[in-house]
Amino acid sequence: MTADYFQPFFASVIPIHVGFQERASTRQILANPGNEDFLLDYIPEALDEIYALTHGQPYLVQLLGFQLVRDYNDFVFEQERSRDPVFTVEDVEAVINDSEFFKRGRYYFDGVWGQAARGAEGQQVIVQVLAPHPEGLSLDALAQSTGMNDADLQKALNTLKRHDVVEETQGSWRIMVELFRRWVLQQ
């Protein structure tokens with residue numbers, strides 16, 4: 001068989017957009033993972049912080065939840081120490097401040113970055129310009145900072161928006177996923 005044999009099959013595959021989870025869904029998945037033997041819980045502020053950091057991006061929500069449970073298990077079972085079975089904002093911060101966290105999430109971060117190198121020109125430049133500004137930048141500020149003309153800038157922004165990298169809110173463009181924004185700053 002040659003690769004040509006499979007082309008008609010793959011040509012008929014319909015791309016499906018996998019969107020981000022809503023805040024309530026993110027909370028539900030983390031706090032009630034469908035296993036009644038799961039005795040760990042979260043304070044509401046920790047769940048809010050996870051959503052603020054991930055914007056409900058499924059891979060990152062799962063990664064954070066997994067790492068929290070892993071750290072808890074290490075502390076309680078490996079180190080044989082006692083702790084409250086409730087995750088706090090401090091626990092979430094400890095996970096994301098661990099030098100290994102962004103390495104563990106490299107599939108997401110590298111994937112988004114690589115995708116921004118394809119298609120409309122200037123996507124990575126826009127992301128780099130936006131990264132130091134969690135509150136976002138206006139279209140005029142973006143145009144001035146990137147040196148892009150209006151048509152190219154809008155085309156790149158539309159591509160980034162379609163790929164759930166940026167969003168426009170009240171006239172400001174910003175990176176949607178806080179953890180991705182922080183990753184870009186570290187690069």
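The values are calculated or read from the model by the stated rules, or taken from the named source; none is laboratory data. Remember, predicted model here, so these are calculated numbers, not experimental data. Note: ideal-geometry Cβ built from the backbone for every residue, glycine included; neighbour counts use all protein chains shown. Side chains included, ligands, DNA and RNA excluded: accessible areas come from the protein's heavy atoms. Shrake-Rupley method; radii C 1.70, N 1.55, O 1.52, S 1.80 Å.
A few notes on this one:
- Figure note: L185, L60 ranked by solvent-accessible area, largest first, 1.4 Å probe, ligands and nucleic acids not counted: L185, L60.
- The candidate values are (i) 52, 35, 31; (ii) 58, 53, 29; (iii) 64, 48, 29; the one derived from this structure for Cα extents along the principal axes in Å carries the label (ii).
- Two-site FRET efficiency, N73 against D110, from Cβ-Cβ distance with R₀ of 41 Å, rounded to 0.05: 0.90
- Accessible area of the chain divided out per residue, in Å², using a probe of 1.4 angstrom: 61 Å²
- Each Cα pair under 8 Å and six or more residues apart adds its sequence gap; the mean of these over the residue count of segment 63-187 is a relative contact order of 22 percent.
- Per-residue ³J(HN,Hα) for segment 119-132, Karplus 6.51 cos²θ - 1.76 cosθ + 1.60, θ = phi - 60°, Hz, x for Gly and Pro: x, 4, 5, x, 4, 5, 4, 4, 4, 5, 5, 6, 3, x
- Between the amide H of V166 and those of K161, M176, distances stay under 5 Å, these residues lying 5 or more places away or on another chain, with hydrogens modeled in the peptide plane.
- Beta bridges assigned by DSSP with both partners in the chain are antiparallel in approximately 75 percent of cases.
- Between 0 and 90°, nearest 10: helix 44-54 axis offset from the chain longest Cα axis: 30 degrees
- Per atom type, the chain shows carbon and sulfur on 51% of its accessible surface, probed at 1.4 Å.
- Each residue of segment 85-98 is assigned a 3J(HN,Hα), and the resulting list reads x, 10, 7, 10, 4, 4, 5, 4, 4, 4, 5, 6, 8, 5 Hz, derived from the Karplus form 6.51 cos²θ - 1.76 cosθ + 1.60 (θ = phi - 60°), x at Gly and Pro.
- Close amide-amide hydrogen proximity is noted between Q57 and Q21, each under 5 Å apart and 5 or more residues distant or on a separate chain (H modeled in the peptide plane; Pro and chain starts excluded).
- Gyration tensor analysis over the Cα atoms of segment 104-173 returns equivalent ellipsoid semi-axes of 19, 14, 10 Å (largest first, whole Å).
- The Cβ shell under 11 Å around E90 holds other residues with a net charge of -4, Lys and Arg each +1, Asp and Glu each -1.
- Within the shell of other residues whose beta carbon sits under 13 angstrom from the beta carbon of M148, the net charge comes to -3, with Lys and Arg scored +1 and Asp and Glu -1.
- Mean ellipticity per residue at 222 nm, deg cm²/dmol - from DSSP H runs of n ≥ 4 across the chain, formula -39500 (n - 2.57): -16500 deg cm²/dmol
- The Cβ shell under 14 Å around Y51 holds other residues with a net charge of -3, Lys and Arg each +1, Asp and Glu each -1.
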